1. Can you run phi through the Karplus equation (6.51, -1.76, 1.60; θ = phi - 60°) for segment 77-87 and list ³J(HN,Hα) in whole Hz, with x for Gly and Pro?
2. Name the residues whose placed amide hydrogens come within less than 5 Å of the amide hydrogen of ALA24, ignoring near sequence neighbours (fewer than 5 apart) on the same chain.
3. For segment 19-88, with equal point scatterers placed on the C-alpha atoms only and solvent neglected, what are the log10 I(q)/I(0) values from the Debye formula at q = 0.12, 0.26 1/Å, to two decimals?
4. Give the lysines reachable from LYS27 as a straight Cα distance under 26 Å; neighbours fewer than 8 places away on the same chain don't count.
5. Farthest toward the dipole's positive end in the chain, which of THR83, MET66, LEU2, given Cβ charges of +1 (Lys, Arg) and -1 (Asp, Glu) about the Cα centre?
6. With 10 angstrom as the radius, rank PHE39, PHE75 by how many other C-beta atoms surround their C-beta, starting from the fewest.
7. With 10 angstrom as the radius, rank SER76, SER44, SER10 by how many other C-beta atoms surround their C-beta, starting from the fewest.
8. Karplus couplings for segment 26-43 from phi (6.51 cos²θ - 1.76 cosθ + 1.60, θ = phi - 60°), rounded to Hz, Gly and Pro as x?
Amino acid sequence: MLVADAGYGSEENYEYLENEQIEAFVKFGYFLLEQQDKFREDPSRQENLYYNAIQDCFYCPMGQKMTQTGNETRFSDNGYEQTYKNGF
């Protein structure tokens, strides 16, 4: 079992721990921010938009569909590859 603070909360670390079958409790970077009402109630934050998994799209607070415009691939210093969806 592993316990770590938010400084270790990255996709790369989570994937490594899962692949090594290590039970882990690692806080993610936005944990404390997400606990605040101001964050949870902000309709302009992507985290608070309605997401339709079937159509893979978000909807704005006015109900209009927001479509993805592209992808971006980034590599960490260790060579870990992450793909980000752009344009929502």
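The numbers here are math on the coordinates, done by the rules we state, and not lab data. It should be emphasised that the depicted structure is a prediction, and the values quoted were computed from it without experimental measurement. Counting neighbours? That spans all protein chains shown, and the Cβs are built from the backbone with ideal geometry, glycine included.
1. 4, 8, x, 6, 9, 10, 10, 10, 8, 9, x
2. Amide H neighbours of ALA24, under 5 Å, 5+ apart: LEU2.
3. Treating every Cα as an identical point scatterer, log10 I(q)/I(0) equals -0.52, -1.11.
4. List returned: LYS38, LYS85.
5. MET66
6. Details: PHE39 14, PHE75 9.
Ascending Cβ contact count within 10 Å gives the list PHE75, PHE39.
7. Working: SER76 11, SER44 8, SER10 16.
Exposure proxy ranking, most exposed first: SER44, SER76, SER10.
8. Each residue of segment 26-43 in turn: 10, 5, 8, x, 8, 3, 5, 4, 5, 7, 7, 4, 4, 6, 5, 9, 7, x Hz.
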